[in-house]
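Data block below; observations after.
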Amino acid sequence: MTETPFQSPSIGILGGGQLGRMLIQEAINLNIRVSVLDPDPDAPCSKIADDFQVGSFKDYNTVIEFGRKVDLLTIEIEHVNVDALEALEKQGRLVRPSSKIIRMVQDKGAQKIFYRTNGIPTSAFHLVDDKSGAMQQEDFLPFMQKMRTGGYDGRGVTAIRNKSDFEKAFDAPSVLEKMVDFDCEIAVIVARNPAGDVAAYPLVEMEFNAEANLVELLFAPAAVNDKIKTQATEIAINIANAIKLEGILAVEMFVTKDGEVLVNEIAPRPHNSGHATIEGNVTSQFEQHLRAVLNLPLGSTDMVSPNAMVNILGEKNSDGEAVYHGMNECLSMGGVHIHLYGKKYTKPFRKMGHATICKTDLKETINLAREVARTLIVKSI
């Protein structure tokens, strides 16, 4: 076998949030120099990036200039200037995932069309241009309305269950998705490198905070049968191959009451549903993303132990400089790993950190995760 020498590259990340922060923490182990572009001078990456540039990742010229300074450009958020990424690719610059993938994922309508075109199971849907178009779909009730672009972390999504809900409909191009009578929500993280190697992580099962529309708790292994595990994993791998993924991909899915697996959304970047892999799996999703975009051998995705993750969210009525209550109690619990994101200010339901819980028994793991969620509270001073 011919050895391929490894020379530490420079990577640029568009977005300086917590996902970028955790990517940097893994990049340090491989001597990878990381530059970050973000408009917030106090973004989570700002204190640990080798080079932190304050600027908009939505501005064409800023992204072009930034991309020319690094060996490879990647993302931690989809809402970037994709025209600039496409131009950089034409100039011979490495952009992973590709601009084509990011452009498709930016548009939830394009995502749904992609699923239908490629035979990927998903819920029934309609595309509408505005609020009036949504109101004309009375026969399609109940449905979820998702703005085609700009939505993130639960924003840009609303439930339209009956005619009276039309008052809160978005007056913007949207996808109307038929509400699914689901048994549970699951996710699969899958990685693929330019050589075509693919590695999928074990399924995680997710529980959501209904008010914030954010993941509240997830755990692995998911409490579903082997048939569903196989089907969901195959779907995720098929999507990764179909889009020619270079990097990591999160595939969120519903499991219906009838045992059908339906794709909800995808994200071609490290994802909230993969945070437990830091302690819960042999290779974290963040290390795996770096391996994939650099065309290195993919790491093992095996679980080290049953694991769970809880998001540490800002309290509903707190807005200001953050203070953490219950930290000592949680750090005294065996198997609990706290990850704070370096955010000085809290807001209602803002992601301030997460906790990973690893125990030998899944039930014990989930119970401890719920205890952490009750104990560790983020309030404003």
Count - residues of the range 262-283 that are surrounded by fewer than 24 Cβ atoms within 10 Å (Cβ to Cβ) and more than 21 Å from residue 149 (Cβ to Cβ): 5
Filtered residue count, the range 325-368, keeping only those that are touching a Ser or Thr at 6+ places or on another chain (Cβ under 9 Å) and of a type in the set (Gly, Ala, Ser): 3
Test: residue 160 is in the same structural domain as residue 281 (by TED's automatic domain parsing) and out of contact with any Cys (no Cβ under 7 Å at 6 or more places or on another chain): no
Restricting the range 10-49 to residues that are of a type in the set (Asp, Glu) and touching a residue at least 40 places away in the same chain (Cβ under 8 Å), the residue that is surrounded by the most Cβ atoms within 10 Å (Cβ to Cβ): 26
Selected residue (criterion: farthest from residue 248 (Cα to Cα)) from residues of the range 69-99 that are of a type in the set (Lys, Arg) and in contact with a helix residue (DSSP H, G or I) (Cβ under 8 Å, 6 or more places away or on another chain): 93
Meets criteria (outside the structural domain of residue 270 (by TED's automatic domain parsing), of a type in the set (Ser, Thr, Tyr) and without any contact (Cβ under 8 Å) to a residue 12 or more places away in the chain) for residue 4: yes
Residue identified as in contact with a helix residue (DSSP H, G or I) (Cβ under 7 Å, 6 or more places away or on another chain) and either of a type in the set (Val, Ile, Thr) or surrounded by fewer than 19 Cβ atoms within 10 Å (Cβ to Cβ) (or both) among 180, 204, 224: 204
Criterion violated by residue 81 - all others in (1) surrounded by fewer than 24 Cβ atoms within 10 Å (Cβ to Cβ); (2) under 30 Å from residue 346 (Cα atoms); (3) touching an Asp or Glu at 6+ places or on another chain (Cβ under 8 Å); (4) in contact (Cβ under 8 Å) with a residue 40 or more places away in the chain satisfied: (4)
Count of the range 299-336 residues which are surrounded by fewer than 20 Cβ atoms within 10 Å (Cβ to Cβ), under 23 Å from the mean Cα position of the chain (by Cα) and of a type outside the set (Lys, Arg): 8
Hits in the range 184-229 - residues which are more than 26 Å from residue 278 (Cβ to Cβ) and either not acidic (Asp, Glu) or not assigned by TED's automatic domain parsing to the domain that holds residue 284 (or both): 196, 210, 225, 227
Residue 257, sole failed condition from (1) within 18 Å of the chain's Cα centre (by Cα); (2) closer than 30 Å to residue 109 by Cα; (3) basic (Lys, Arg): (1)
Considering residues of the range 96-138 that are among the hydroxyl-bearing types (Ser, Thr, Tyr) and in a helix (DSSP H, G or I) only, the residue surrounded by the fewest Cβ atoms within 10 Å (Cβ to Cβ): 117
Where a residue in the range 258-287 is in the same structural domain as residue 310 (by TED's automatic domain parsing) and among the acidic types (Asp, Glu) and its partner, wherever it lies, is assigned to a strand (DSSP E or B) and surrounded by fewer than 24 Cβ atoms within 10 Å (Cβ to Cβ), with Cβ under 7 Å and at least six apart: 265/252; 279/337; 279/356; 279/358
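The values are calculated or read from the model by the stated rules, or taken from the named source; none is laboratory data. Since the model is a prediction, treat every value here as computed from it, not as a measurement. Glycine also receives a Cβ, built like all others from the backbone with ideal geometry; neighbour counts cover every protein chain displayed.
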